[in-house]
Amino acid sequence: MAVFGLSSAQEGFKLGAHIGVPVADAGDASSFNLGLDAAYMWNVAPSFDLGIASGYTHFIGKSYDVPGGGSIKGDDFGFIPIAASGKYRFSGSPVSLGLDLGYGISTKDGIDGGLYYQPKVAYNFSQGELYLGYQGVSNDFSVGSVNLGYNFFLK
């Protein structure tokens, strides 16, 4: 019965949060990021859910030392993803693989939005999922981060 509970469909809302370590160009400009996750999933086939996802990820600007003393803090920036979301649950296992794919809208002037992608692996519980993923926005200024997050299932 416990295995069935872990591998059953997770149709409905998911709400959660994540924290991450920036990489690529974002790693040069940001020290860490945090954000909120939201999705609605429909069970479209055994072990497979498809839905829509959004949220917000905020990158905290790094501080840089200035020769001769003092420091300058870099600007914070953020993205709002609008994405399709897919999740495959391995039968009889609490592990799943997911992918969000869409467009990342920049919340900062001077930084363009771009292709948004987030592959992730999750460990599913009866009331939520703990995930590890890579979140990226590809444009002239590539933004990426390795994130750890938790989403609650709201049915």
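A few comments on the model shown:
- Condition check for residue 88: under 23 Å from residue 102 (Cα atoms), of a type in the set (Phe, Trp, Tyr) and assigned to a strand (DSSP E or B): yes
- Residue selected from segment 128-153 under the condition in contact with a helix residue (DSSP H, G or I) (Cβ under 9 Å, 6 or more places away or on another chain) and hydrophobic (A, V, I, L, M, F, W, C), by the criterion most open to solvent (accessible area, probe 1.4 Å): 141
- Considering the conditions (1) closer than 26 Å to residue 93 by Cβ; (2) open to solvent by less than 30 Å² (accessible area, probe 1.4 Å), residue 52 is excluded by exactly one of them, (2).
- In the set (1) buried (at least 19 other Cβ atoms within 10 Å of the Cβ); (2) at pLDDT below 95; (3) aliphatic (A, V, I, L, M); (4) within 18 Å of residue 134 (Cα to Cα), the condition left unmet by residue 21 is number (1).
- Residues (open to solvent by less than 30 Å² (accessible area, probe 1.4 Å) and assigned to a loop (DSSP other than H, G, I, E, B)) located in segment 94-117: 94, 113
Table: residues versus (1) exposed (fewer than 15 other Cβ atoms within 10 Å of the Cβ); (2) farther than 14 Å from residue 37 by Cβ; (3) basic (Lys, Arg).
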position: 66; (1), (2), (3): yes, yes, no
position: 85; (1), (2), (3): no, no, no
position: 126; (1), (2), (3): yes, yes, no
position: 155; (1), (2), (3): yes, yes, yes
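- Of all residues in segment 58-91, those that are β-branched (Val, Ile, Thr) and either within 22 Å of residue 40 (Cβ to Cβ) or within 21 Å of the chain's Cα centre (by Cα) (or both) total 3.
The values are calculated or read from the model by the stated rules, or taken from the named source; none is laboratory data. Small disclaimer: the values here were computed from a predicted structure and weren't measured. Cβ: placed from backbone, ideal geometry, glycine included. Neighbour counts: every protein chain shown. Calculation scope for accessible area: heavy atoms of the full protein, side chains included, ligands and nucleic acids excluded. Shrake-Rupley method; radii C 1.70, N 1.55, O 1.52, S 1.80 Å.
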